[in-house]
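Undergrad: Sending over a structure as structure tokens; questions will come in a sec.
The values are calculated or read from the model by the stated rules, or taken from the named source; none is laboratory data. Keep in mind the model is a prediction, meaning the values are calculated, not measured. Ideal geometry is used to build each Cβ from the backbone, glycine not excepted, and the neighbour counts take in all protein chains shown. Quick note on the areas: whole protein, heavy atoms, side chains included, nothing else; ligands and nucleic acids left out. Shrake-Rupley method; radii C 1.70, N 1.55, O 1.52, S 1.80 Å.
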Amino acid sequence: MNSLLYIIIGLLIGIPSGIVVGRFLLRKLFKDQEASAQNKVKRILKEAETNAEILRKDKLLEAKERFLQMKAEHEQEINSKNNDINQRENGVKQKEQSFNQRLENMNRKESELDNVRKNLERQTEIVTKKQEEVEVLKNQHVEQLENIAGLSAEDAKNQLIENLREDARTKAMIQIKDIVDEAKLTATKEAKKIVIQTIQRTATESAIENTVSIFNIENDEIKGRIIGREGRNIRALEAATGIEIIVDDTPEAIILSGFDPVRREIARLAMHRLVTDGRIHPARIEEIVAKTKKQIEEEIVEIGERTVIDLGINGLHPELIRMVGRMRYRSSYGQNLLQHSREVANFCATMAAELGLNVKMAKRAGLLHDIGKVPDDNPELPHAILGMQLAEKYKEHPEVCNAIGAHHDEIEMTSMLSPIIQACDAISGARPGARREVVESYIKRLKELEELAMSYPGVEKTFAIQAGRELRVVVESEKISDAESEVLAADISNRIQTEMTYPGQIKVTVIRETRSVAFAK
């Protein structure tokens, strides 16, 4: 119990003393830390002052070096500018010296020019006096000439000018004629050579198809069988073939009339089979016509294939081959279309070979150039445009398509092949005997030719000869000279080209003659 008390008393006495001792120790510890921190701060400040001094010295040295470098560069720049200034001053001095020399030369030349001007003025005065004297003498001479000739000077001058003008016009017309003749000889020499060679190397026959076919029969009894009871057989034939069948008083002949040659051929062959077989009635007629149509279609394909094989054309679309075969039954102005196309193909091949172009493509375009005349649809389109569309549809070469579409100038020509097709088409169609025209249009064209020539003053008579391919113009010799007749021929030909439509070419011949008649008694 006492011990516990002593312990408690000891604790009571020890705790305050411990607190005092702890506070003393803590204070001493804080003082030591504060002193250490102050020393550390002093050391840091000292190190900072040392580093700042070193840095300041480095920056100062760097600034001095930079200043010295800039000073050297500035001095160098100043020296360079001084040198430029000195050079420019020297140049200015040289130019000034040169200018002074030129100024002196100009002053010297100016004085010389003044002297020359004074001399010219004196000479001008002398010349003026002389001209006045010459003018007086000239007037006196003119008066004397007027008295002698009986004409005034103005009249004589006008007469001389008119004579010179007429002479100049005549010489100019002669020169124009010579230039035109020379140009024709030089510019068309090779073209004529190629065209002539093409025509000479191609010889074909001309087949003329009409819109009427004649079916010959052995006797007139067959006509009654073809007509049938109450005309039922002939009506069945017309309905099946689409051709008008004319049975008249023509002996041993029946006329088949229609614009479609294929249908006329079908009707002719069907009638031949019916007459040969002897059984003629509506059912048999329909059967025979159907078989004949099938046969004609096969023949059309065979003709097309044989044509392309003969011409050496490969890779043609089957539909185009069929259209080529149908050309056999088409005509243009009486000229068989297939024969015409073969002619044009051969012409094109020859001309392309002479010009160094693609012969196979030229022959292909020549064969297909009138393919637009075969289809019966799209009648509102020109045959050249329709043919071009067909060629494009069946994947023909663009040059071939352009040649087909441009051979009548419906579209612009874009290749050398197009004008060749146009020229060869004109050669084939313009050949004498190749085509025929309706009489009315032919006579109308001849009259238009003669009336066009008669519209010119000085024309006495006109004659259209050689089927309208030559126009002869007789002029009055008193009104038109030889040189003017050349100009008249050119004017008439130019008007024909611009105002008229015609196949081939027309030759214009102007005839001027003078006749002197005397009688010996």
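Undergrad: Using a 1.4 Å probe, how large is the accessible area of Thr241, given in Å² and rounded to the nearest 10?
TA: Near enough 10 Å² of accessible area.
Undergrad: Calculate the length of the line joining the C-alpha centroid of the range 282-313 to that of the range 25-52, in whole Å.
TA: 128 Å
Undergrad: Could you tell me the distance between the Cα centroids of the range 106-143 and the range 448-521, to the nearest Å?
TA: Distance between centres, Cα-based: 60 Å.
Undergrad: If you count only protein heavy atoms with a 1.4 Å probe, what accessible area per residue comes out for the range 381-424, rounded to a whole Å²?
TA: With all protein chains present, the range 381-424 gives 46 Å² per residue.
Undergrad: Using the Karplus curve 6.51 cos²θ - 1.76 cosθ + 1.60 with θ = phi - 60°, work out ³J(HN,Hα) for each residue of the range 118-130 in order, rounded to whole Hz, and write x for Gly and Pro.
TA: Each residue of the range 118-130 in turn: 4, 5, 5, 4, 5, 5, 5, 4, 5, 5, 4, 4, 5 Hz.
Undergrad: Another question, then. Between the DSSP loop rule and a limit of at most 15 other Cβ atoms within 10 Å, which trypsin sites (Lys or Arg not before Pro) in the range 478-512 are left?
TA: Lys479
Undergrad: When the C-alpha atoms of the range 366-429 are aligned to their principal axes, what extent does each axis show, in angstrom, from largest down?
TA: For the range 366-429, the Cα extents along the three principal axes come out at 29, 26, 19 Å.
Undergrad: Quick check: with the 1.4 Å probe, what order do Met388, Met271, Met413 take by accessible area, largest first?
TA: Met413, Met388, Met271
Undergrad: Given labels modelled 7 Å from the Cα in the Cβ direction, how far is it in nm from Arg27 to Thr498?
TA: That separation, rounded to one decimal, is 13.7 nm.
Undergrad: What GluC sites (Glu not before Pro) in the range 292-393 are in a loop by DSSP, with at most 10 other Cβ atoms within 10 Å of the Cβ?
TA: Listed in order of number, the matching sites are Glu380.
Undergrad: Please compute the per residue accessible area over the range 7-111 with all protein chains in place, 1.4 Å probe, rounded to a whole number of Å².
TA: Accessible surface, normalised per residue, equals 95 Å².
Undergrad: Another one. What list of ³J(HN,Hα) values in whole Hz, one per residue of the range 486-498 in order, does the Karplus curve 6.51 cos²θ - 1.76 cosθ + 1.60 (θ = phi - 60°) give from phi, with Gly and Pro shown as x?
TA: Those phi angles translate into 5, 5, 4, 4, 5, 5, 5, 5, 5, 5, 4, 5, 8 Hz.
Undergrad: Working with all protein chains in place, sort Tyr394, Tyr502 by solvent-accessible area computed with a 1.4 Å probe, largest first.
TA: Sorted by accessible area, descending: Tyr502, Tyr394.
Undergrad: Of Asp409, Asp58, which has the most accessible area and how do the rest follow, probe 1.4 Å?
TA: Ranked list, largest accessible area first: Asp409, Asp58.
Undergrad: Around Ala72, under 12 Å between beta carbons, what's the net of Lys plus Arg minus Asp minus Glu among the other residues?
TA: Counting the neighbours of Ala72, the net charge comes to -2.
Undergrad: Just the accessible area per residue of the range 232-289, please: how many Å² with a 1.4 Å probe?
TA: Each residue of the range 232-289 exposes 49 Å² on average to a 1.4 Å probe.
Undergrad: Going by amide H atoms built from the backbone, whose H comes under 5 Å of the H on Thr509, apart from near neighbours?
TA: Result for Thr509 returns Leu471, Arg472, Val473.
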